[in-house]
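Engineer: Quick one: the structure is below, and I'll ask about it shortly.
Since every read-out is calculated from the coordinates, none of them should be taken as a lab result. For clarity, every value in this text was computed on a predicted model and none was experimentally measured. Ideal geometry is used to build each Cβ from the backbone, glycine not excepted, and the neighbour counts take in all protein chains shown.
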Amino acid sequence: MKSKIWLSSPHMGGGEMKYVQEAFDQNWVAPLGKNVDEFEVAIEKFLIKDKFVAALSSGTAALHLALIQLGIGYGDEVICQSFTFSASANPIKYLGANPVFVDSDEVNWNMSPAYLEKAIQDRISKNKKPKAVIVVHLYGMPALMNEILAICEKYEIPLVEDSAEALGSSYKGRQCGTFGEFAILSFNGNKIITTSGGGALVTTTKEQKQKTIFLSTQARDHAPHYQHSEVGYNYRLSNICAGIGRGQMEVLDERVRLRRDNHSFYKELFSNTEAVDVFSEANSDFFSNHWLTCITLNKDLTKKTTHDLMTAFAEENIETRPLWKPMHLQPVFKDCPYYGETVAEDLFNAGLCLPSGSNITNDDKNRINEVINNYQF
Ligand SMILES: *Cc1c(COP(=O)(O)O)cnc(C)c1O
């Protein structure tokens with residue numbers, strides 16, 4: 001059996017063990033310490049814009065704490081992009097609030113500004129003004145931030161960016177993760193950089209960062225004993241994981257370059273295959289980290305389905321994955337309101353994610369080449 005080519009696997013840079021070793025040497029094997037502080041500083045520097053970063057145990061935890069700080073509670077409504085991973089929507093449910101899903105833009109794949117505005121107006125007319133909007137930069141593609149921000153400002157609804165897949169992406173030269181009142185990052189094993197598991201909340205004010213750390217460490221009041229006036233969470237990032245993160249931040253620019261090289265490879269590979277579109281930036285305002293390169297099959301030009309193509313790759317021990325199944329089509333969210341048409345659904349039916357790790361080799365690319373060159377579209 002040929003070795004497995006993964007969709008997106010961890011890619012260590014070499015500096016990680018030094019920081020992990022330091023933590024062991026100093027016995028800071030806990031969810032606090034120098035690595036946590038320095039990892040936050042490294043991310044803050046990377047984002048450039050005046051933002052604050054709190055390192056947490058996951059991107060999902062970060063979103064949960066963002067929604068808590070926006071005052072989301074039982075019975076509230078939060079608008080969320082439908083075309084995403086379930087972690088963008090689950091924290092709404094943790095709070096007893098209700099997601100309202102919005103379809104995607106056909107070209108950009110992220111939240112449709114037109115349907116966002118429609119959704120807001122309709123919810124307001126039903127006396128249920130949304131308490132927040134969650135926009136996602138899916139697969140690393142920056143969302144239509146100009147339009148989305150303008151709508152959020154017009155209706156005075158705070159914006160939360162799910163930037164879990166988009167560290168290193170930018171829109172008009174500004175880093176994804178710096179547009180919203182809050183933004184989340186993820187360092188799960190398959191993301192562009194990883195801490196094995198982890199995440200961060202990007203905040204606008206220092207007070208929000210302090211509040212995030214407070215909530216993520218069981219909400220302890222200032223007192224010599226354990227005193228609590230609020231419900232706390234155990235969401236802080238481990239100092240060991242943060243050590244991995246510090247090493248990974250040193251190679252982030254390189255990881256973005258390599259993922260973008262993969263995307264160029266696929267553009268070239270499919271340049272003569274009319275039935276296949278490689279998902280790309282609409283214009284130079286958008287700079288995607290191309291976390292995953294995705295393709296769509298044009299059903300007017302081929303009878304083959306994404307399942308057929310997945311099978312052809314699987315026979316060569318190459319991992320591929322369908323695009324995210326939209327949230328409004330998920331059984332767990334079937335009763336939630338939805339605004340849009342079938343853009344996200346059509347993408348789900350037509351699309352496939354291809355191996356996109358920054359560690360895929362030329363040998364791997366040759367094997368991928370071979371599958372495609374032998375495939376009858
Ligand atoms: C990975 C991911 C998350 C969740 O991050 P975790 O660190 O795995 O909790 C949220 N949203 C999107 C779009 C993601 O891809």
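Engineer: Compute the distance in nm between two label points, each set 7 Å from the Cα along the Cα-to-Cβ direction, one at residue 277 and one at residue 121.
Structural biologist: 2.7
Engineer: Taking a 20 Å limit on the Cα-Cα distance, which of the listed pairs 4/325; 126/154; 45/206 fall beyond it? All intermediate terms of the calculation are to be shown ahead of the outcome.
Structural biologist: Values: 4/325 25 Å; 126/154 18 Å; 45/206 15 Å.
Cα-Cα > 20 Å for 4/325; rest within.
Engineer: Starting with the highest mean, order 197-209, 234-246, 36-48 by the number of other Cβ atoms within 10 Å, averaged over the residues of each peptide. Intermediate values should be presented prior to the final figure.
Structural biologist: Details: 197-209: 21.1, 234-246: 23.9, 36-48: 18.5.
Answer by packing, highest mean first, reads 234-246, 197-209, 36-48.
Engineer: Limiting things to C-alpha atoms, what are the Rg and the maximum Cα-Cα separation (Dmax) for the range 189-287, in angstroms?
Structural biologist: 20.9, 70
Engineer: How many angstrom lie between the C-alpha centres of the range 277-296 and the range 162-178?
Structural biologist: 13
Engineer: Which residue fluctuates most in the GNM of the chain (Cα springs below 10 Å): 343, 29, 53?
Structural biologist: Between 343, 29, 53, it is 29 that shows the largest mean-square fluctuation.
Engineer: Order 4-10, 77-83, 313-319 from most to least packed using the mean count of other Cβ atoms within 10 Å.
Structural biologist: On the way: 4-10: 18.0, 77-83: 27.3, 313-319: 15.3.
My ranking of the peptides, most packed first, is 77-83, 4-10, 313-319.
Engineer: Grab the DSSP H runs of the chain that are 4 residues or longer, score each as -39,500 (n - 2.57), total them, divide by all residues and round the 222 nm result to the nearest 500 deg cm²/dmol. Mind showing how you got there, number by number?
Structural biologist: On the way: 12 runs with 134 residues, N = 377.
For the chain, the value works out to -11000 deg cm²/dmol.
Engineer: So if we plug the beta-carbon distance of residue 307 and residue 93 into 1/(1 + (r/R0)^6) with R0 = 35 Å, what FRET efficiency do we get, rounded to 0.05? Walk me through the intermediate numbers first.
Structural biologist: On the way: r = 30 Å, r/R0 = 0.86.
Step by step, r from the Cβ atoms, then E = 0.70.
Engineer: How large is log10 of I(q)/I(0) for the range 286-377 at q = 0.15, 0.19, 0.22 Å⁻¹ when the intensity is taken from the Debye formula with one equal scatterer per alpha-carbon?
Structural biologist: So the normalised log intensities are -0.70, -1.00, -1.17.
Engineer: Turning to a different aspect of this structure: Could you check the simple spin-label distance between residue 267 and residue 206, using points 7 Å along Cα→Cβ, in nm with one decimal?
Structural biologist: Output for this residue pair reads 4.3 nm.
Engineer: In whole percent, what relative contact order does the range 121-169 give with Cα contacts below 8 Å and a gap of six or more residues?
Structural biologist: Values: 53 pairs, mean separation 22.4, N = 49.
In percent, rounded to a whole number, it is 46.
Engineer: Here's a follow-up. Relative contact order of the range 253-373, please, whole-number percent, based on alpha carbon pairs below 8 angstrom and at least 6 residues apart. Could you put the intermediate results ahead of the total?
Structural biologist: Values: 136 pairs, mean separation 37.4, N = 121.
Reported as a whole number, the value is 31 percent.
Engineer: Kindly provide log₁₀ I(q)/I(0) values, in the same order as q = 0.18, 0.22, 0.27 Å⁻¹, from the Debye equation applied to equal alpha-carbon scatterers of the range 129-191.
Structural biologist: The calculated log intensity ratios at q = 0.18, 0.22, 0.27 Å⁻¹ are -0.59, -0.83, -1.15.
Engineer: Quick one, what does Rg over Rh come out to for the chain if you take C-alpha atoms and the Kirkwood Rh?
Structural biologist: Values: Rg = 21.0 Å, Rh = 21.4 Å.
Answer for the chain: 0.98.
Engineer: A follow-up question, please. Extension gain residue 369-residue 7, at 0.36 nm per residue separation less the Cα-Cα distance, in nm? Write out the running numbers ahead of the final one.
Structural biologist: Working: separation 362, 0.36 × 362 = 130.32 nm, distance 1.53 nm.
Net length gain for the segment: 128.8 nm.
Engineer: Which one, 57, 170, 284, has the greatest fluctuation when you compute a Gaussian network model over the chain with C-alpha springs under 10 angstrom?
Structural biologist: Highest fluctuation among the options: 284.
Engineer: Per 5 Å bin from zero, what fraction in whole % of the C-alpha pairs of the range 1-134 is there, up to the bin with the longest pair?
Structural biologist: Spelled out per bin, shortest first, that is 2, 8, 12, 13, 15, 14, 12, 9, 7, 4, 2, 1, 0.
Engineer: A further question follows. Relative contact order for the range 90-233: what is it in percent, counting Cα pairs under 8 Å that are at least 6 residues apart? It would help to have the intermediate numbers written out before the result.
Structural biologist: Details: 225 pairs, mean separation 18.4, N = 144.
Once divided by the residue count of the range 90-233, the mean separation gives 13 percent.
Engineer: Once the piece of chain linking residue 223 and residue 253 is laid out straight, how much longer is it, given 0.36 nm per residue of separation minus the C-alpha distance between them? Present the calculation step by step, with values, prior to reporting the outcome.
Structural biologist: On the way: separation 30, 0.36 × 30 = 10.80 nm, distance 4.31 nm.
Result: 6.5 nm gained on full extension.
Engineer: Based on the Cβ-Cβ distance from residue 21 to residue 315, what FRET efficiency comes out when R0 is 41 Å, to the nearest 0.05? Can you show the working numbers first?
Structural biologist: Values: r = 42 Å, r/R0 = 1.03.
With a Förster radius of 41 Å, E is 0.45.
Engineer: Still on this structure, please answer the following. With springs connecting C-alpha atoms under 10 Å apart, model the chain as a Gaussian network and identify which of 94, 139, 115 has the largest mean-square fluctuation.
Structural biologist: Fluctuation is largest for 94.
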